[in-house]
Amino acid sequence: MHIMEGFLPVSHAVGWFVASAPFVVAGGLSLRKIIRERPEARLNLAACGAFAFVLSALKMPSVTGSCSHPTGVGLGAVIFGPAVMAVLGTIVLLFQALLLAHGGLTTLGANVFSMAVVGPWVSYGIWKGLRSSGASIAVAVFAAAAVGDLATYVTTAVQLSLAYPDAESGIVGSFIKFAGIYAVTQVPLAIAEGLLTVVVMNALSGRAGQPDEIAVLAGEAR
Amino acid sequence: MKNSRTTWLLLATLALVVAPLVIPGLGGSFKGSDDQGTDAINELRPDYKPWFEPLWKPPSDEIESLLFSLQAGLGAGFIGFMIGRRSAAAKGSAKQVSGAVANGAVGDVNVAH
């Protein structure tokens with residue numbers, strides 16, 4: 001999902017910065033509120049950031065014969081809400097842009113939008129929707145992480161097709177091409193991320209299957 | 001039951017990652033999707049020149065893989081610390097409870113964990 005440095009036209013690069021900025025600011029406010037109201041949640045917040053740090057470094061093989069990486073932002077989105085992940089995801093993307101030449105500063109706005117905004121919000125929506133329709137915590141967390149991961153890669157494909165429409169088939173044709181590269185490759189990795197997110201959530205909380213599992217991780221219950 | 005579920009989930013994750021490497025007919029060059037995306041841009045717009053270069057690039061593939069492993073290692077290390085901390089806290093409170101049972105004072109114990 002990393003759009004490489006300099007690979008978005010200036011107008012698109014600026015546009016995605018403008019689109020991402022309010023989410024990052026809102027995330028900063030949400031982060032401050034959580035830390036002030038529930039200081040004991042700080043370590044679990046850091047663990048959610050660490051999870052995104054690990055998963056986005058792991059490039060794994062996929063059935064399409066190419067490699068890609070999960071994002072790891074679903075866990076934090078479920079526990080602390082999607083807003084804070086805009087901040088934690090931006091930190092991960094900055095690290096990779098500055099030290100790994102992976103992604104970039106000019107494309108940071110677009111990459112933040114796909115990985116740190118769309119991914120977490122989709123995860124959160126799936127989590128809320130499934131929980132209110134009676135799914136278990138494990139099933140809802142699995143689906144939230146997996147679908148959020150996939151949504152990030154679909155967003156990258158949309159961003160690139162808007163910037164590079166095909167000469168004949170236009171944006172749609174270009175989207176099909178980019179979605180084939182990003183989204184299809186991502187399907188098995190998204191499922192793997194969903195499974196791993198459930199494992200890590202259970203291990204961090206130590207209360208798998210109990211109704212207050214997420215509240216305990218969020219520092220709302222003891 | 002909980003631990004066996006964790007085991008099955010981890011095995012399923014492993015199978016998903018290993019399958020493309022071992023199932024005949026699948027597989028390929030295993031190039032990164034981000035690089036393929038860049039290639040696709042070059043195909044759609046052969047004349048496009050990136051207008052900004054990374055400020056710093058890892059000088060070799062070895063340094064790059066060092067930094068990627070550092071990223072994964074730091075994150076995994078912290079998560080491991082958190083799981084260990086939780087498990088130690090659970091043991092501590094279990095000890096408290098069993099000590100209290102021995103003293104016949106179980107009703108007074110706050111079973112927090």
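Points worth noting:
- Peptide A:203-212 has a mean of 3 when you count, residue by residue, the C-beta atoms of other protein chains within 10 Å of its C-beta.
- Amide N proximity, the range B:8-43 versus B:Ser69 label position 7 Å along Cα-to-Cβ, cut-off under 20 Å: B:32
- Computed from the Cα positions only, the extents of chain A along the three principal axes stand at 58, 35, 31 Å, in decreasing order.
- Accessible area buried by the pairing of B and A, both sides summed with a 1.4 Å probe, works out to roughly 5300 Å².
- The aspartates and glutamates within cross-link reach of A:Lys177, meaning a Cα-to-Cα straight distance under 12 Å and a gap of 8 or more places when in the same chain, are A:Asp166, B:Asp39, B:Glu43.
- Partner shielding of A:44-56 amounts to 4, given as the average count of beta-carbon atoms from other chains within 10 Å of each residue beta-carbon.
- Cβ crowding within 10 Å averaged over residues, with B:56-68, A:69-81, A:170-182 ranked highest first: A:69-81, A:170-182, B:56-68
- Within a straight-line Cα-Cα reach of under 12 Å, B:Lys57 can be paired with the following aspartates and glutamates, leaving aside sequence neighbours fewer than 8 residues apart in one chain: A:Glu5.
- Using a Förster distance of 25 Å, the FRET efficiency for A:Ser11-B:Asp61 (Cβ separation, nearest 0.05): 0.15
- Gyration tensor (alpha-carbon) shape descriptor, the range A:16-86, a/c threshold 1.5: oblate
- Tensor-based shape of the range A:148-204 (alpha-carbon gyration tensor, a/c under 1.5 rounded, otherwise prolate or oblate): prolate
- Longest exposed-site-free window of chain A, the sites being GluC sites (Glu not before Pro) in a DSSP loop that have at most 15 other C-beta atoms within 10 Å: A:1-167
- Of the DSSP H helices in chain A, those whose Cα atoms cover at least 24 Å axially and whose Kyte score averages 0.5 or more: A:10-37, A:82-99, A:137-163, A:170-205
- Put a dot 7 Å past the Cα of B:Glu43, heading toward its Cβ, do the same for B:Lys95, and the two dots end up 6.2 nm apart.
- Based on the Kirkwood approach, the hydrodynamic radius assigned to the range A:69-149 is 12.7 Å, with every pair of different Cα atoms included.
The values are calculated or read from the model by the stated rules, or taken from the named source; none is laboratory data. Just so we're clear, the structure is a prediction, and the values are computed from it rather than from any experiment. No Cβ is skipped: glycine too gets one built from the backbone with ideal geometry, and neighbour counts run over all protein chains shown. Surface areas here come from the heavy atoms of the whole protein model, side chains and all, with no ligands, DNA or RNA. Shrake-Rupley method; radii C 1.70, N 1.55, O 1.52, S 1.80 Å.
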